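The values are calculated or read from the model by the stated rules, or taken from the named source; none is laboratory data. Every value quoted in this text rests on a predicted model; they were computed, and no experiment measured them. No Cβ is skipped: glycine too gets one built from the backbone with ideal geometry, and neighbour counts run over all protein chains shown. For accessibility, only protein heavy atoms count, side chains too; no ligands or nucleic acids. Shrake-Rupley method; radii C 1.70, N 1.55, O 1.52, S 1.80 Å.
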Amino acid sequence: MSLDINTKLLLVFSLFCFNVVFAGESGARRADLGMEGFEQHGRGLGLSHYKGRSSHLFNVKSFGARADGLTDDSKAFRAAWKKACQAAGEVDLVIPKGTYLLGPVKFAGPCTNVSKITVRVKNVKFVGTNRTVVRSITSVNSKFFHMALVECKNFKGTKIKISAPADSPNTDGIHIERSSSVHFSRSLIGTGDDCISIGQGNSEVTITSISCGPGHGISVGSLGRYRKEGDVSGLVVRDCTITGTTNGIRIKTWANSPDRSAATNMTFENIHMNNVTNPIIIDQAYCPFASCTPMGTSQVKLSDIYFKKIKGTSSSAVAVTLECSKGIPCQDIYLEDVHLDLASGEKQATSTCKNVRAKYIGTQIPPPCA
């Protein structure tokens, strides 16, 4: 059986450790030499710690993997994982082109040497891979993001299960950054943070048939916190169910952005909300801290954004919040066939808008902003 993908994970055993990085060959070299092109983003992808030091790299080839697209390399993978678990701090498990594994696999929390953990780490991270397929993996109780993609191309993930307590901070289910042609589908995600977060520099990302909750919903951002962030374009989120989360579909950008960037051509369609606090929210004054000063305006331009067939219930009185930047107001924001009732059944939900003139089509419950 020949494989024409960079990494194929059809995965066969349970793994209990604290971090793994699947790095394409170029990604592995960047990790080894220092990630000069990366700035730490948002609450931190943990990329900046590569700078100025050699990371713990465990290449499965060194443990007997053939990586020929024909041989089952599960034994080598297991041996490399065991060795990685004995290392202090964050480790990188390098999976070269042609590595062939059989599944399913489970990534679960930290390994037993938790006293050696010196940084918050992700259960799974993909760096610089191309044409990767991931299917039927489970991640539970990560100490940070469960899965992160950085500079990946042509990535497909399906039948993924992610679980963490609702009160566990910074446990984003899937974070995607500086990647293109990414598709996640048919997955169950419940965390203490964003089920899926779309960071800066992404293009052509498609999210379909995701069940999200608990957590903070499906988010674009946060964007605009650091210099030289890439634009976001071509995002599609479709046929998803969001239950009991603090947000539904959220776009969040920081005020006082140091540079200009853009997020454009994004569609959110056929999303069902069950008792969600903020079903639709654009927040261009995002600040997760007690205070953020000085408070300039966000320099992230939001345009060509479509909310279509968003239905269900809101647990808060304001079901639609469109708070755009005073410095760069939102443009071409469309709401089509939105029907969000109050979960309590009392009165009717409302909308609030700042620095935007949205365009409305079809059913609008709650009513459009005055």
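Counting only heavy atoms of the protein chains and using a 1.4 Å probe, Ser303 has close to 20 Å² of accessible surface.
Quick one: order Met295, Met147 from most to least accessible surface, probe 1.4 Å.
Order by accessible area, largest first: Met295, Met147.
The calculated Kirkwood hydrodynamic radius for the stretch 274-370 is 14.0 Å, given to one decimal from all distinct C-alpha pairs.
Put the Cα centre of the stretch 268-342 next to the Cα centre of the stretch 125-141 and the gap is 29 Å. Average accessible surface for the stretch 157-304: 34 Å² per residue, computed with a 1.4 Å probe over protein heavy atoms with every protein chain in place.
For the residue pairs Lys61/Lys252; Lys125/Lys301; Lys83/Lys252; Lys156/Lys347, the alpha carbons lie more than 31 Å apart in Lys61/Lys252; Lys83/Lys252; Lys156/Lys347. Over the stretch 135-210, one equal point on each Cα, no solvent: what is log10 I(q)/I(0) by the Debye formula at q = 0.12, 0.15 Å⁻¹? Normalising to I(0) and taking log10 leaves -0.28, -0.45. What a 1.4 Å probe finds exposed on the stretch 123-369 is 46% carbon and sulfur by accessible area, rounded to a whole percent. Computed over neighbours whose Cβ is under 13 Å from that of Ser325, the net charge equals +3, Lys and Arg +1, Asp and Glu -1.
Over all distinct Cα pairs, what is the inverse of the mean 1/r for the stretch 123-282, reported as the Kirkwood hydrodynamic radius in Å?
Mean inverse Cα-Cα distance, inverted, gives 15.3 Å.
Working note: Karplus 6.51/-1.76/1.60 with θ = phi - 60° gives the stretch 208-223 the couplings 9, 6, 9, 9, 10, x, x, x, 10, x, 9, 10, 9, x, 7, 10 Hz, where Gly and Pro are set to x. Loop-resident chymotrypsin sites (Phe, Trp or Tyr not before Pro) (DSSP state other than H, G, I, E or B) in the stretch 288-318 with no more than 12 further Cβ atoms inside 10 Å of their Cβ: Phe289.
How much accessible area per residue does the stretch 311-370 have, counting only protein heavy atoms and a probe of 1.4 Å, in square angstrom? List each step's numbers first, then the result.
Numbers: 3220 Å² over 60 residues.
It amounts to 54 Å² per residue over the stretch 311-370.
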